[in-house]
Amino acid sequence: MKEQLLSLIRQYKYRDAFWQAAPHVAHDVDCRDAFLRICAFRSSIRDVYEDIDKVREMADAGNSYMQYAYARLHDFFPFANDSLQTCVKYYEDAADKGIADASACLAWLEAAGAFGEKNLVAYHDMIDKAMAEGSRRAAFMKLNDMIYGNHEVKKDPEKARQVLLSYVSACLSSDKEMPYMGYLYTLIAFSYEQTGDREKAEDYYVKAADEGMNSAYYELALLVCFDDEGQLDDPDRFEELMQQAEDAGDTRCFMGLMFVVSADEYDDLDEENQKLMNENLLSDLNKVWQTGESLGAYFLGDIYEHGYYGFDQDYAEAFALYARGATMYDQNCYERMARMIIEDGTAPESYSKDFGYEAAYRALILGADTRDLVVSGYKQGYLTSHAAAIEQYYLNE
């Protein structure tokens, strides 16, 4: 069973692996690990979305692992008005029954300000508790924080890498193959990127892809196909990696067209090719956000806001797309909404400055550079419900 599951994951057949593992998760550790690994990532649980009704039926019958899976589907794909409430309910149900990864996911929601304010005390307490209960996801979240310096964790990618390499070495020396190996290699690649070792990062992204981490192709493309100025300098390799990403099921590959042809280069195309690219961009970017990737909404919103690639400038459509991305916790989408309302005056008239400053605050919590905008709103009498947090964390920075 273990070898079959690992083989399916390495072939990016996540849905098959999910349902093969599902009946055995309560009593088979290998099936449990494979199941939780698939649930951990948007790009691997995406195909299970077509079975969401079946997942919910099993969750409502009391299956704690399906409760967790159902929560993940609503967390990653928040297309219903009550998706946040739904995912929280099912996370809590699963956590109460001992699924420690569910506690780690609730911790992330605390850090993201999903409940009103960013609560890093709760985040770290819940992460530590989930780790003590055996959550590998919580441990990886903590190492990711160390690599990037997120959530007030001291940035130390070298230390994180030492931990990761030691763990990988222990697994390999004991022949303990595990379905998380691809993500371990991805984290190691992140750590090398942070310390400027692009060659080592490339090596580990390749290893990650070989171990079933389909997102590694896109990350690898951004690393090796662009120069230090962000210009595409290896289009052939980029096209090859985007095709591999598509074959592996990472829908971010459909953003590749924008990297190959810039908005300025579009203007030099003949009319027929401009029309074709316009149609392909619309189809591709819609496909990206509709599969839970907020960047698709952000880029398509940007195109409508500025009238790039032959699109008619449409502020209402741009704002609606940013709003879709914001439901997926995209800081850039929140920031664009705030600026359209407060600074540009291009948002639909129904959105007040209260809403705009709230969007700026959400963007700030998620990591965007909107502190000045938030402080300005606070001083004008907006954001009163967040006054205590603004005074404590942002006013005197």
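Once ligands and nucleic acids are excluded and a 1.4 Å probe is used, how much of Lys142 is accessible, expressed in Å² to the nearest 10?
70 Å²
From a point 7 Å beyond the Cα of His27 in the direction of its Cβ, which residues of the stretch 45-63 have a backbone N at a distance under 18 Å?
63
Excluding ligands, DNA and RNA, what is the solvent-accessible area per residue of the chain at a probe of 1.4 Å, expressed in Å²?
46 Å²
Taking Lys176 as the anchor, which aspartates and glutamates have their alpha carbon closer than 17 Å to its alpha carbon, excluding any fewer than eight residues away along the same chain?
In chain and number order, the partners are Glu3, Asp28, Asp30, Asp33, Asp210, Glu211.
What's the Cα-based Rg to Rh of the chain, Rh via Kirkwood? Don't jump to the answer; show the numbers that get you there.
Numbers: Rg = 21.6 Å, Rh = 22.4 Å.
Ratio of gyration radius to Kirkwood radius: 0.96.
Of Lys353/Lys379; Lys118/Lys142; Lys159/Lys207; Lys159/Lys200; Lys13/Lys142, which ones are farther than 19 Å apart at the Cα?
With Cα atoms farther than 19 Å apart: Lys159/Lys207; Lys13/Lys142.
With +1 on the Cβ of every Lys and Arg and -1 on the Cβ of every Asp and Glu, and nothing else charged, how large is the dipole of the chain about its Cα centre, in debye rounded to the nearest 20?
Details: 37 positive and 73 negative charges, 409 e Å.
That gives the chain a dipole magnitude of about 1960 debye.
Sum -39500 (n - 2.57) across every DSSP H segment of at least 4 residues in the chain, then divide by the residue count to get the 222 nm mean residue ellipticity, nearest 500.
So the helix-based figure for the chain works out to -20000 deg cm²/dmol.
Starting from the eigenvalues of the Cα gyration tensor, five times each then square-rooted, give me the equivalent ellipsoid semi-axes of the stretch 15-113, largest first, whole Å.
19, 15, 13
Starting at 0 and stepping by 10 Å, how many percent of the alpha carbon pairs of the stretch 278-384 end up in each bin?
Spelled out bin by bin, the stretch 278-384 gives 17, 46, 29, 7, 1 percent.
Whole number please: convex hull volume per residue of the Cα set in the stretch 245-321, in Å³?
79 Å³
Leaving out ligands, DNA and RNA, what percent of the accessible area of the chain is carbon and sulfur, probe 1.4 Å?
44 percent
The values are calculated or read from the model by the stated rules, or taken from the named source; none is laboratory data. Given the structure is predicted, the values throughout are model-derived calculations rather than measurements. Methodologically, a virtual Cβ is constructed for each residue, glycine included, from the backbone with ideal geometry; neighbour enumeration extends over all protein chains shown. The area values use the complete protein model at the heavy-atom level, side chains included, leaving out ligands, DNA and RNA. Shrake-Rupley method; radii C 1.70, N 1.55, O 1.52, S 1.80 Å.
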